[in-house]
Amino acid sequence: MDFRAIAMGLTFALIWSSAFTSARIIVADAPPLASLALRFFISGLIGVAIARALGQTWHLTRDQWRATIIFGICQNAIYLGLNFYAMQTVEASLASIIASVMPLMVAFAGWVVFRDKLPALGIIGLVLGIAGVVIIMSARIQSGVDIYGVALCVIAAVALSVATLSMRSMSTGGNLMMVVGLQMFVGAVPLAIASALTETLRVNVTPELIAAFVYTTLAPGLLATWIWFSLVARIGATKAATFHFLNPFFGVAIAAVLLGERLGAQDIVGVVIIAAGILAVQLSRQIKT
């Protein structure tokens, strides 16, 4: 793995983790589902415009349409929609920790459901991940965390895991930016409908809200996606996924710095253990391959 790949992986992990803090800022002053629907609509317009400028076509293959619909619904509408809604009551640090467990969920499902071979190191990683979650959640429950919000975050992580598993052995081929742009529109539609049915559109326009919205639209929405796929093309999906072990660290650190969220000793221990578990699972995949 060369220096450029390492830099890309670190940048992706940092941007991905920062999305929870920016989302927390947004939902403090605007309805979550409406904000997310608008974000996806704008990101979709930008993504499709870039794709057309690159000469990419609207005519997608069956696999490309499948990727567009599955990720548009599971990742954008369900995963991010539930996370945005939950972060009205759940701290960004906790939401990022729950979301970071997704690679462990995927590995566990692949092992149990699809009978994938998982070396001993991978099994140890799964055990560590579960232990880390138990440590953190026991501390948060004692401090009075919103269980309903946590449940929404867990369902969101499961939805993203299902989307990831459904794309096994599938290649989207060309038109990558077009797929990225169109899946933003797919996610925007159900979120807009849900917002119209359940939310009151009250927005408190502040500099923090504007900055967080612009950042979330451009950085996690488009830039991180481009970096991720470029990284996968450079070093492969297995090695690229190793950088996910940094997400718990970055997620809690950014929330602590920008939002002043306090972390207890159990939180820190749990984050370290979860990160070790994710790293062990990803390294076991490299050993297997």
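The values are calculated or read from the model by the stated rules, or taken from the named source; none is laboratory data. Everything numeric here is computed off the predicted structure, so don't read it as measured data. Cβ coordinates were reconstructed from backbone atoms using ideal geometry, including for glycine residues, and neighbour counts include every protein chain displayed.
Key figures for this structure:
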| item | result |
| --- | --- |
| Helices (runs of 4 or more DSSP H) (entirely within region 3-86) containing at least 2 residues that are under 14 Å from the mean Cα position of the chain (by Cα) | 3-27, 81-86 |
| Helices (runs of 4 or more DSSP H) wholly inside region 200-289 containing at least 1 residues that are over 20 Å from the mean Cα position of the chain (by Cα) and at pLDDT below 85 | 224-235, 265-288 |
| Single condition Arg62 does not satisfy, out of (1) buried (at least 23 other Cβ atoms within 10 Å of the Cβ); (2) free of Cβ contacts under 8 Å to residues at least 12 places away in the same chain | (1) |
| Residue list for region 190-209, restricted to those being surrounded by 13 or more Cβ atoms within 10 Å (Cβ to Cβ) and without any contact (Cβ under 8 Å) to a residue 12 or more places away in the chain | Ile193 |
| Which listed residue, of Gly122, Gly72, is touching a residue at least 60 places away in the same chain (Cβ under 8 Å) and closer than 28 Å to Ala280 by Cα | Gly122 |
| Neighbours by Cβ (under 7 Å, 6+ apart or cross-chain): first from region 1-29, acidic (Asp, Glu); second in a helix (DSSP H, G or I) | Asp29/Leu209 |
| Residue match in region 172-186 (condition: surrounded by fewer than 18 Cβ atoms within 10 Å (Cβ to Cβ), aliphatic (A, V, I, L, M) and in a helix (DSSP H, G or I)) | no |
| Extreme residue, surrounded by the fewest Cβ atoms within 10 Å (Cβ to Cβ), among residues of region 102-140 that are of a type in the set (Lys, Arg) and in a loop (DSSP other than H, G, I, E, B) | Arg115 |
